[in-house]
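The values are calculated or read from the model by the stated rules, or taken from the named source; none is laboratory data. None of these values were measured; they are calculated from a predicted model. Here the Cβ positions follow ideal geometry from the backbone for every residue, glycine too, while neighbour counts run over all protein chains shown.
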Amino acid sequence: MAISPAWLVFCFLFLGHGVVELEASHQVYRDLKLSSSPPEHQPYRTSFHFQPPKNWINDPNGPMIYRGLYHLLYQYNTKGATWGNIVWAHSTSTDLVNWTPHEPAIYPSQTSDINGCWSGSTTILPWGTPVILYTGIDPQNRQVQNMAMPKNLSDPYLREWVKSPKNPLMAPTAANQINVSSFRDPTTAWLGPDGSWRLIVGSKRYSRGLAILYRSKDFFHWVKSQHPLHSAEGTGMWECPDFFPVLINSKLGVDTSTMGPDVKYVLKLSLDDTKHDYYTVGTYNIDKDIYIPDKGQVDGDSGLRYDYGKFYASKTFFDSAKNRRILWGWINESSSVNDDIKKGWAGIQAIPRALWLDISQKQLVQWPIREIEKLRGNEVRLPKQVLKGGFSFEVSGVTASQADVEVSFGISELAKAEVLDPSWKNPQALCSKKGALVDGSLGPFGVLALASKGMQEYTAVFFRIFKGHDKYVVLMCSDQSRSSLNNNNDKTTYGAFLNVDPVREKLSLRCLIDHSIVESFGGEGKVCISARVYPTLAIDDKAHLHVFNNGTQNVQITALSAWSMKKARIY
Ligand code: DQQ
């Protein structure tokens, strides 16, 4: 078996001793039968969201930029449209919009991953070498942490990966008392000023979510810390943790090892129990190696979320070419398993989003990467106008099933806002109670996406403004209750409170509509809600786009632009 020069360099630099025996990752997994072809009529396949031609996908894994190429690896079932037989599928891109597929990068080939190659992350070492750490499922079905690195560093596509013969590098033992079936998804490692690398692995002890901390001097020998980086009672298993610095007062991103007075930290956890990605903003005490969420930040399901719709197991990476931090997230399904099998696929990835710390330092802001705008066709722009209470109109001239829509509202009659009942604390419940058809005073106003001609189907994304105790409160909702006549779909309504002051700020909404997804950004990215919808009538050229106001009060449309979106080259 050939010895990769990359491994030699790596071992030499880190270990300083002789050659180790290597094992290529593309050896043992011989059972890669491909499933049958999906049906030809595919009204729900997306045109500019990432999805492979068929089968199941879930978590984005180890995203990175290497030699000018973006790499997306992701959990993929080689054999069908439900979860199972998971490998790391692999695609590359020069622009995060158009993608070239490659052979799976990592699949079961070692004892330490023979029952599965689950999620993990890439760390770019200081001299530019990417290293993947991922969870393997061993013959006893224990979750252990493994390493792989590129076979050929001069290949920008990083097509072949070689696993460390020392795998697993981290494993549950009687001594460390780690839960063997709740120990997964290592993060990108960060380098402390003491020269030690650190990373966290998701876990739980009873119902306490844990971010187990490991340290290493050489990237091979990882020592578990006595205490976790962070933990929270009652949150259950923490999957796919992500821990990274964000600059104060800047939209630029920084490398994961950046420290200093200009940064705050974000800890994101994916809650296995509720399938929500929540995060807190806080400080990282490097001396004690603990993360402390800021006062007012909430650990758990009622905390801040990247996205209040379908969005899970997300992961960020630092894009060193454009100095930004980019977020990838898996948009899981709202269709039934039977429908997934019929259509031959399940799951897509959200449009990658740039992410930064809001000026308030209390939350993050996300915005679709600028590159997606190159898919915009002709712009349909409407003049400023009043949208009277009880009125709606169609935005024509755009391909409503494949569009990018930006609209801003101005409110002058704020005094007429409905009073917020202090018991209305749960925004999702409030959006369900007050859906798009329930008229109010200021709102609901917003967009009806993927609407059928006779309005039997539509997905409503809208705002309501309430008068709170000492300020106005903006509610943003995505109401899927009438999105499809097919009742096998999950049509849960989503919602969140939006931290925008309608007295001083405009109220903006952007919707990326792509056949079976409406990905919405409120308040210039302060709240994101992604909805998977499967209309039966409002498909392809039978889909329509409307702006509506079901409140009694008038609102102004201060700007409205809509673009038909071209198809990205994904496969
Ligand atoms: N998906 C992976 C796990 C991870 C989960 C398995 C999150 O590693 O915890 O496909 O969706």
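Among residues of region 288-306 that are touching a residue at least 12 places away in the same chain (Cβ under 8 Å) and at positive phi, those with a Cβ under 7 angstrom from a residue that is part of a loop (DSSP other than H, G, I, E, B) and buried (at least 19 other Cβ atoms within 10 Å of the Cβ), sequence gap 6+ or separate chain, pair up as Asp289/Leu229; Gly300/Thr235. Selection of first residues in region 530-558 that are of a type in the set (D, E, K, R) and of second residues that are not in a loop (DSSP other than H, G, I, E, B), restricted to Cβ pairs under 9 Å at least 6 apart or on distinct chains, gives the following pairs, ordered by first then second residue: Arg532/Ile331; Arg532/Ile348; Arg532/Ile517; Arg532/Val518; Asp540/Gln402. Selection of region 90-149 for residues being in contact with a helix residue (DSSP H, G or I) (Cβ under 9 Å, 6 or more places away or on another chain) and surrounded by fewer than 16 Cβ atoms within 10 Å (Cβ to Cβ) yields Asp95, Trp127, Pro139.
Evaluating Ile570 against the criteria (1) in contact with a Leu (Cβ under 9 Å, 6 or more places away or on another chain); (2) in a loop (DSSP other than H, G, I, E, B) leaves one unmet condition, (1).
The residues listed here are Asp242, Asp255; of these, the one that is away from the ligand (no atom under 16 Å from the Cβ), surrounded by 15 or more Cβ atoms within 10 Å (Cβ to Cβ), under 18 Å from Gly62 (Cβ atoms) and not hydrophobic (A, V, I, L, M, F, W, C) is Asp255.
The condition of being modelled with pLDDT under 95 and not aromatic (Phe, Trp, Tyr) does not hold for Asn98. Selection within region 64-89: residues that are closer than 16 Å to Gln51 by Cα and surrounded by fewer than 19 Cβ atoms within 10 Å (Cβ to Cβ). The member of this set that is nearest to the ligand (Cβ to nearest atom) is Trp83.
Within region 220-231, if we keep just the residues that are under 27 Å from Leu125 (Cβ atoms) and outside any loop (DSSP other than H, G, I, E, B), the residue that is farthest from the ligand (Cβ to nearest atom) turns out to be Val223.
Filtering region 396-410 to residues that are closer than 17 Å to Phe463 by Cα and touching a Gly at 6+ places or on another chain (Cβ under 9 Å) leaves Val407, Phe409. Filter region 140-159 for residues that are charged (D, E, K, R) and under 26 Å from the mean Cα position of the chain (by Cα) and give the result. Passing the criteria: only Arg159.
Among the residues of region 170-208, those that are within 16 Å of the ligand (Cβ to nearest atom), more than 21 Å from the chain's Cα centre (by Cα) and aliphatic (A, V, I, L, M) comprise Met170, Ala171, Ile178, Val180.
Filtered by the rule that a residue be within 22 Å of the chain's Cα centre (by Cα), away from the ligand (no atom under 16 Å from the Cβ) and among the β-branched types (Val, Ile, Thr), region 114-139 gives Thr123, Ile124, Val131.
Val201 meets all of the listed conditions (1) of a type outside the set (Ser, Thr, Tyr); (2) within 22 Å of Gly236 (Cβ to Cβ); (3) touching a residue at least 24 places away in the same chain (Cβ under 8 Å); (4) part of a loop (DSSP other than H, G, I, E, B) but one, namely (4). Taken over region 99-113, the criterion of being of a type outside the set (Gly, Ala, Ser) and either away from the ligand (no atom under 15 Å from the Cβ) or free of Cβ contacts under 8 Å to residues at least 12 places away in the same chain (or both) is satisfied by Trp99, Thr100, Pro101, His102, Glu103, Gln110, Thr111.
Candidates Gly260, Gly282, Gly296, Gly236: the one that is within 21 Å of the chain's Cα centre (by Cα) and part of a loop (DSSP other than H, G, I, E, B) is Gly236. Give just the number: which of (1) loosely packed, with under 15 Cβ neighbours inside 10 Å; (2) in contact (Cβ under 8 Å) with a residue 60 or more places away in the chain does Pro261 not satisfy? In the conditions (1) loosely packed, with under 15 Cβ neighbours inside 10 Å; (2) in contact (Cβ under 8 Å) with a residue 60 or more places away in the chain, Pro261 misses (2) alone.
Scanning region 232-239 turns up at least one residue that is within 16 Å of the ligand (Cβ to nearest atom) and of a type in the set (Phe, Trp, Tyr). Pairing each residue of region 173-185 that is surrounded by 14 or more Cβ atoms within 10 Å (Cβ to Cβ) with any residue that is part of a loop (DSSP other than H, G, I, E, B), provided the two are 6+ apart or on different chains, yields C-beta distances under 6 Å for Ile178/Pro172; Val180/Arg142; Val180/Pro172; Ser182/Met237; Phe183/Pro172. Residues that are farther than 20 Å from Leu382 by Cα number at least 2 in the following strands (runs of 3 or more DSSP E) confined to region 437-548: 459-467, 472-479, 494-498, 517-522, 527-532.
The strands (runs of 3 or more DSSP E) found entirely in region 360-425 that carry 3 or more residues being within 31 Å of the chain's Cα centre (by Cα) and at pLDDT 95 or above are 364-368, 376-382, 402-410. Residues in region 552-571 that are small (Gly, Ala, Ser) and touching a strand residue (DSSP E or B) at 6+ places or on another chain (Cβ under 6 Å): Ala559, Ser561, Ala562, Ser564.
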